[in-house]
Amino acid sequence: MILKISVLFLTLHYAAWEVVAQVVLDMEDVVEVYKGNSAVIHCNYNFTRVPSVVMVQWFVRTPEGRRVRISYSDLTVQKVDENTMYSDRIAVAGHGSGENLTVADVRLSDEREFICQVNGLASGNGENRTHLKVFDPPEEPVIEAVQSGVSVKNTLPSKIATCEVREAFPKPNITWYRNNKALHPEKGRVNVVTLVTVDASGLYAVQSELQYKVEREDQESLFFCELHYQVPGAVRTARSRSINVTVHYPTANVKMWRDPPEGLVKEGDTVEIGCQGDGNPPPSVVFVREQQAGRQEAELKSDRGVLLLKEVTRGNSGVYKCRPLDSNAAASEDVAGSMQLTVHYLDPAVVVPKDSEVMLKGETLTATCNALSSLETSAVWLKGGKVVGTGHTLQLRDATFATAGHYNCEVTVPSLPDLHTRGSVHIIVQGSPELQDAEDVTEMVKVGKWKNLTCEAKGHPKPVITWSVAGSPSWREVIKRELEDSVQSVVTLKVTTDTLVTCNATNNMGLETKTYTIKHIPITPAVPHSSTGDGSGVSIVIIIVCILLLAIMGSVFYFLHKKGKLPCGRSGKQEITKEKTNKDDIVVEMKAEKTEKSGLLKCVNGEKKPPSDQYIDLRN
């Protein structure tokens, strides 16, 4: 009997268990939202048996792990609990199969679990939860390079740059790049130090420091940092600007140059020799000049890598060296530059024979002109501005007086035209006098005329000119001109009869003469009616007489006019003609004047003529 009762009890228990009602809650695991926006959390429920009443409560979990209710609702009431952190920022809205919780103006502190609890009494009860995640995108990353520069001599990685990002939530991550290749921590080469801080509002600030062992090639490298931060439903990146790190490294090579950069250098020029090492920072340099074996090189005075040589001479020629002075080190013997400087020169010209040389007519002389130079030279000979020879040697053959004179030798350097010099020699040719146009001359001259005779002679020593005149007693020397190697004399004589004149040119080397034979031309009697000579005086006398006659006639006409004897007008033209005429006619032109006297010559034989100039034709 007891066994039957137990079986019946178990049967009834299992039947009651099968009819117990259940509720299923559907909620999102995570809801993501930007700070300042509104978040909506859905709580959907489903009962296996329709409940008579449904009670919904919302809870939040505090950082300490406690549950705090923030809302309650049932069939009769729907309210937000007072005096909670969400009293003024949440709203609850129910629907047939669930309820939605809206959180306004989401804050960073709202990142937590929101719990929805549903109770249908006999129909069942249950709860579920949603984690609310809040996001606040950061500012742009700010990168700064080390201003002092980094030396390759450092044995450990050195700080080269920092990257900072502020006001981010959740905490962002920073990755470093070199030439677009990500840098990862590497012992002895790459190290990254990160500092994270949180401000009062809960926002993160991340500062990352890159420590890197630089090499010489890194002077051209570009570094940047990349920020990785979360946003609702994604992960985004932001890249900083690229920076170049100042790398300090010792000098490996030295470059030297010369100013002027092209062309040959000659004595008197100013030369600048520059030197620069390829180290960073650019090192100071010292200049020395290569010395002969056993002599110590002395440092030359320079300024900022430039050696200035003013008005150089051939003594400045040589090999110049430049050595860098790296920090905390003396001049490096292993790293140096060198330059050969050659200063070209041209000494004064030397002419042989020197100054002056005396030759005899007919002789031959060889003159040379040379100048010591570092380059090949050329020479040209000039006399009176005209070229008479080229080359360093001048041959004067079969000398004449025309050979004598001043010879200039100009020496130049074809490859360096600015180099030039000159010398000279004075050639004197000795010999007996030479008369210009030495042939004897015969001339016909009218009696009474003066005749000039010229005698010009060359010679060395300078000749003396004397004259001998046979025939005309009236003569004198009017010109005597002496030059260095010639003399000129001019005499004038009055021809009265046949005359023989001799010019003698003499010096201690000899004598040369020239003879002038003057034949006189007798004077012929003058023709009486000749219109030349004294006949012109007669014509002048006739003109004067005619003018006097005109004056007398003018007075008579004026008197008759005043007496009223001449009724003619105030103007006219009148001709007075004499019966007798000479061979030559004389015409006198008189201009009419607008005065009372102009009426004297109004008309002739009662004929009136228009006003015009008055002509009086006087014929002898």
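The values are calculated or read from the model by the stated rules, or taken from the named source; none is laboratory data. For clarity, every value in this text was computed on a predicted model and none was experimentally measured. Cβ sites come from the backbone with ideal geometry, for glycine too, and all protein chains shown count toward neighbours.
For the range 424-453, filtering for residues that are over 14 Å from Gly510 (Cβ atoms) and of a type in the set (S, T, N, Q) leaves 4. Tell me, please, whether a residue that is within 17 Å of Val487 (Cα to Cα), outside the structural domain of Ala367 (by TED's automatic domain parsing) and of a type in the set (Ser, Thr, Tyr) can be found in the range 446-454. Checked against the condition, which is being within 17 Å of Val487 (Cα to Cα), outside the structural domain of Ala367 (by TED's automatic domain parsing) and of a type in the set (Ser, Thr, Tyr), the range 446-454 yields at least one hit. Going by the structure shown, is Glu363 more than 30 Å from His460 (Cα to Cα), in contact (Cβ under 8 Å) with a residue 24 or more places away in the chain and not in a strand (DSSP E or B)? No, not satisfied. Taken as a whole, the range 216-223 holds no residue that is closer than 30 Å to Glu28 by Cα, small (Gly, Ala, Ser) and out of contact with any His (no Cβ under 6 Å at 6 or more places or on another chain). The set of residues in the range 144-170 that are crowded, with 16+ Cβ neighbours inside 10 Å and of a type in the set (Lys, Arg) contains only Arg166. Checking each residue in the range 497-526 for being surrounded by 15 or more Cβ atoms within 10 Å (Cβ to Cβ) and more than 11 Å from Val469 (Cα to Cα) picks out Asn504, Ala505, Thr506, Asn507, Met509, Glu512, Thr513, Lys514, His520.
Has the range 130-143 got any residue that is crowded, with 18+ Cβ neighbours inside 10 Å and in contact with a Cys (Cβ under 7 Å, 6 or more places away or on another chain)? Scanning the range 130-143, I find at least one residue that is crowded, with 18+ Cβ neighbours inside 10 Å and in contact with a Cys (Cβ under 7 Å, 6 or more places away or on another chain), so the answer is yes.
Out of curiosity, is Ser208 outside the structural domain of Pro281 (by TED's automatic domain parsing) and either in a loop (DSSP other than H, G, I, E, B) or in contact (Cβ under 8 Å) with a residue 60 or more places away in the chain (or both)?
In short, no.
Annotation: Gln296 fulfils all but one of (1) closer than 30 Å to Ser38 by Cβ; (2) surrounded by fewer than 12 Cβ atoms within 10 Å (Cβ to Cβ); (3) free of Cβ contacts under 8 Å to residues at least 40 places away in the same chain; the unmet one is (1). Consider Val68 carefully, then state whether it is surrounded by fewer than 15 Cβ atoms within 10 Å (Cβ to Cβ), in contact with a helix residue (DSSP H, G or I) (Cβ under 8 Å, 6 or more places away or on another chain) and either closer than 26 Å to Asn37 by Cβ or not hydroxyl-bearing (Ser, Thr, Tyr) (or both). When the stated conditions are applied, Val68 does not pass them. Of the residues screened, Asn191 is not one that is under 11 Å from Lys213 (Cβ atoms) and outside any strand (DSSP E or B).
In the range 326-364, which residue that is aliphatic (A, V, I, L, M) and buried (at least 18 other Cβ atoms within 10 Å of the Cβ) is modelled with the lowest pLDDT? Selected residue: Ala331. The residue of the range 366-385 that is surrounded by the most Cβ atoms within 10 Å (Cβ to Cβ), among those that are part of a loop (DSSP other than H, G, I, E, B) and among the hydrophobic types (A, V, I, L, M, F, W, C), is Ala371.
To keep it simple, each residue is scored yes or no on (1) outside the structural domain of Thr130 (by TED's automatic domain parsing); (2) part of a strand (DSSP E or B); (3) under 30 Å from Tyr204 (Cβ atoms).
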site	(1), (2), (3)
Glu32	no, yes, yes
Asn44	no, yes, no
Val50	no, no, no
Pro63	no, no, yes
Leu75	no, no, no
Lys79	no, yes, no
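The single condition among (1) surrounded by 12 or more Cβ atoms within 10 Å (Cβ to Cβ); (2) within 17 Å of Met256 (Cβ to Cβ) that Ala399 does not meet is (2).
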